[in-house]
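A short write-up of the structure that comes next.
What follows draws every value from the coordinates through simple rules; no lab data is involved. Remember, it's a predicted structure, so these values are computed and weren't measured experimentally. Note that each Cβ is placed from the backbone with ideal geometry, even for glycine, and that neighbours are counted across all protein chains shown.
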Amino acid sequence: SQDGGGLRAVMAGVARRLLRRGLAVAARPPSTRQLQEAEEAAPVFQYAGKAARRKDRVFVWGFSYSGALGVPSFVRPDAGWKKPRRIQPTPYRLETEEKISSAACGYGFTLLASNTRDITKVWGMGLNKDSQLGFQRSRRDQTKGYEYVLEPSPIPLPLEKPQQTRVLQVSCGRAHSLVLTDSEGVFTMGNNAYGQCGRKVVEDEIYSGSHLIHQLKEFDSRVVQVVCGQDHSLFRTKKGTVYACGWGADGQTGLGHYNITSVPTKLHGDIAGVNIIQVSSYGDCCLAVSDEGDVFGWGNSEYLQLASVTETTQVNVPRHLPFKIGKVKEAACGGTGNVVLTEEGNVFVWGYGILGKGPNLIETAVPEMIPPSLFGWSDFSPDTRVAHVRCGLSQFAALTNRGELFVWGKNLRGCLGTGRMEDQYFPWRVTVPGEVVDVACGVDHTVSMVRSFT
Amino acid sequence: LNAAPGRAPRQRVRFLQAPAPGGGGAVELVAARVPVLADHPLVRGPQFRKLKIGAGHRLDVKASGVFVLGIGHGNKLLTHLYNCHLTKVYTVGGLFGKATDDFSDTGNLVEKTTFDHITREKLERILAVIQGTNQKALLMYSNIDMKTQEAYELAVKGLIRPMGKSPPIITAVRCLQFALPEFQLEIHCLHETQQYLRKMVHEIGLELKSSAVCTQVRRIRDGVFTVDDALPRTQWNLQSIQEAIRNCQLKVETELERTLG
């Protein structure tokens, strides 16, 4: 300030006059010894102890107006200066009460599940017009439920032993969701117009504001993975068998017919007697991986997903896909394209759409490999390889063993998370402040589970 | 340089008068090759009165390592090498536990922190993230349209590089040595300054929930010139310089040909 400056000038003048008179001694610059002593005497701050734990976080990005991101201030701003945010183009941290072990993105809604023994194990947000998030009691009218849930809200599951059962995995389809528990089978909720919830189709049933959550227990052994397609459900058991129910017009139930199935039924065909270790589906095509590394497919083949074995556009019985790409570890199905990961860490894509090999590759029936240099492999880091692959409706995601997330595909309403609105024709890194552990891709939004660095 | 035998003087054909072979008095013109007087060393003077020496990429006072200079016509090559935008490699030494105002260990102390929770694994994780974000910056500043097949092919080969002005980009980092509290990194970068590398060491310290200062910055490669080609202080004499220029000529030519065509 003016006064401060003037005062300092006066003090400097006084000091100079005192110096000239010999009454004051000018301050010498501190010697090395003095500096060293000052340094040793300085206090030491501790920001992280020796046993500091890495924190688990959830990051979301994509279209927010459906409430699927779980941030209510994006849809209904709670402060005057905030503006509604239609699209979140880069990862945004979502505060959760518990550590989220499993997440799933449906068509406009999200489910988050924790491995805890507490009473609240599953949270849901987004569209709830078919009660795919259970019954969310409205505060304004106690008899009705919310149609859009803007914040992660607990889903009340009718568990027999709520303080002992753990939720292992969740999965979401177009308007239904599945929750897998360790000892009480599978819980299904949401739309059942095609029997995708595993219960008998009731004519003119009203799904909005429904309290009904169905429990499925009759399988030949414990269910270890649940997968939702668009309007069908797949269950994989410990013995390696696959059950399906729901809409079958494209053969996606794999039961040999094109009708609706409302009770989970075992699949045969080429997977009869084969130990299946992973199943995947998101649209109308399904893929299964066996313990020997073989890939089996059934369902929609309009986009050349199964064109390597058949010319027909619908396959209603699981067929073995004779690919010579090595032992397959993981497979993921999208709406029009598929991706598999082999034991060596190579990523192969086929189908239709933006497959990840530049704008020239639009469709292929035979898997094409994406060069590992696009996933961060180089002479400097030859150990970098892809650990997991995931699929949304028109986007792909790959997780490397270094915890990096690569995305490519159609950037529908910012679902890729690159910060740009353009489609991405080859794998692109998403900047996430942490090591990405798992990612769930939806139609227009994505959820990732991340561990902090330190 | 001036003591070395210079250029031979130019020769010129002149018609000189010589006495005729016949009787005395008559002169005839005879063609003879004579050196041009203007090229005589006493007329010309020393060949080199001053030398034009240009400097390549900057190296500041606290850093050490390879420093490229161009002499005479080499200055034009320096400009071409600058336009090639080749990467430089540094070994950067760091020390955990201190934070200073100019990010090096000779600055004023700002804060002291503990560092016993840092492990090599955590450091490598941070380095992987730095590489990842810089990789993105590399693709973004290279001004290629991401939607073309050409961009895809260059990305696969790893040849995408900003060929114009860009902020400092790090193309590769790795940890060479790790012995708490000291550590040493090898950094490959483009368009950087040494102070930026020191700031990066400081930021690595912050990211690991501690603090770090930079103790040493040494450039070990600048484009095509490595430490093996560089002349140490004891060899700053004419013979070594001439030999070094001869050895590097081929390398520089091939690199310019490859990048600029």
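Averaged over the residues of A:41-50, the number of partner chain Cβ atoms lying within 10 Å of the residue Cβ comes to 6.
The chymotrypsin sites (Phe, Trp or Tyr not before Pro) found in the range B:26-125 that occupy coil by DSSP, while having at most 13 further C-beta atoms within 10 Å, are B:Phe48. The value obtained for the range B:16-109, namely the Cα convex hull volume divided by the number of residues, is 182 Å³ per residue. Listed from fewest to most Cβ neighbours within 10 Å, the set A:Tyr92, A:Tyr425, A:Tyr47 follows the order A:Tyr47, A:Tyr92, A:Tyr425.
Nearest 20 debye, what's the magnitude of the dipole of the protein assembly as shown about its Cα centre given +1 on Lys and Arg Cβ and -1 on Asp and Glu Cβ?
3420 debye
The H on the amide N of A:Ala24, modeled in the peptide plane, is under 5 Å from the matching H of A:Leu19, each at least 5 residues off or on a different chain. Considering all C-alpha pairs of the range B:127-261, those separated by over 28 Å amount to 36%. Rounded to the nearest whole Hz, the Karplus-based 3J(HN,Hα) values (6.51 cos²θ - 1.76 cosθ + 1.60, θ = phi - 60°) of the range B:49-58 follow the sequence 9, 8, 10, 8, 10, x, 9, x, 5, 5, with x at glycine and proline.
Within the range A:15-79, report the trypsin sites (Lys or Arg not before Pro) that DSSP leaves as loop and that have at most 16 other Cβ atoms within 10 Å. Here the sparse-neighbourhood loop sites are A:Lys50, A:Arg53, A:Arg54, A:Lys55. Applying the criteria of a DSSP loop state and at most 16 other Cβ atoms within 10 Å to the GluC sites (Glu not before Pro) of the range A:125-225 yields A:Glu147, A:Glu160, A:Glu203, A:Glu205, A:Glu218. Label sites at B:Phe178 and A:Ala12, each approximated as a point 7 angstrom past Cα along Cα to Cβ, lie 5.0 nm apart. From the alpha carbon centroid of the range B:1-68 to that of the range B:186-223 is 51 Å.
Near the amide H of A:Gln314, within less than 5 Å, lie the amide hydrogens of A:Ser301, all on another chain or at least 5 residues away, with H placed in the peptide plane.
Put simply, the Cα atoms of the range A:1-143 extend 91, 43, 30 Å along their principal axes, the longest span coming first. Shown is the FRET efficiency for B:Ala18 and B:Ala244, computed with R0 = 51 Å from the Cβ-Cβ distance and rounded to the nearest 0.05: 0.50.
Mean projected area of the Cα convex hull of the range B:53-229, taken over all directions, amounts to 11.5 nm². Pairwise alpha-carbon distances in the range A:372-421 exceed 11 Å for 68% of all pairs.
The order of the peptides B:248-254, A:95-101 by mean Cβ neighbours within 10 Å, most packed first, is A:95-101, B:248-254.
Karplus-based coupling profile of the range A:325-341, in residue order and whole Hz: 10, x, 6, 8, 9, 8, 9, 9, 10, x, x, 10, x, 10, 9, 10, 10, with θ = phi - 60° in 6.51 cos²θ - 1.76 cosθ + 1.60 and x standing for Gly or Pro.
With +1 assigned to the C-beta of every Lys and Arg and -1 to the C-beta of every Asp and Glu, and no other charges, what is the dipole magnitude of the range B:174-261 about the Cα centre in debye, to the nearest 20?
On the way: 11 positive and 12 negative charges, 46 e Å.
About 220 debye.
Cross-link pairs exceeding 27 Å between alpha carbons, from the set B:Lys62/B:Lys112; B:Lys136/B:Lys209; B:Lys62/B:Lys251; B:Lys62/B:Lys165; A:Lys357/B:Lys136; B:Lys112/B:Lys136: B:Lys62/B:Lys251; B:Lys112/B:Lys136.
Shielding value for A:357-370 is 2, the average number of Cβ atoms from other chains within 10 Å of each residue's Cβ. Per the Kirkwood formula applied to alpha carbons, the protein assembly as shown shows a radius of gyration over Rh ratio, Rg over Rh, of 1.17.
Using a Gaussian network model of chain B in which every pair of alpha carbons under 10 angstrom is joined by a spring, one finds that among B:Glu207, B:Glu28, B:Glu182 the greatest mean-square fluctuation is at B:Glu28. Less than 5 angstrom separates the built amide H of A:Asn115 from those of A:Ser101, all sequence-distant by 5 or more or on a different chain.
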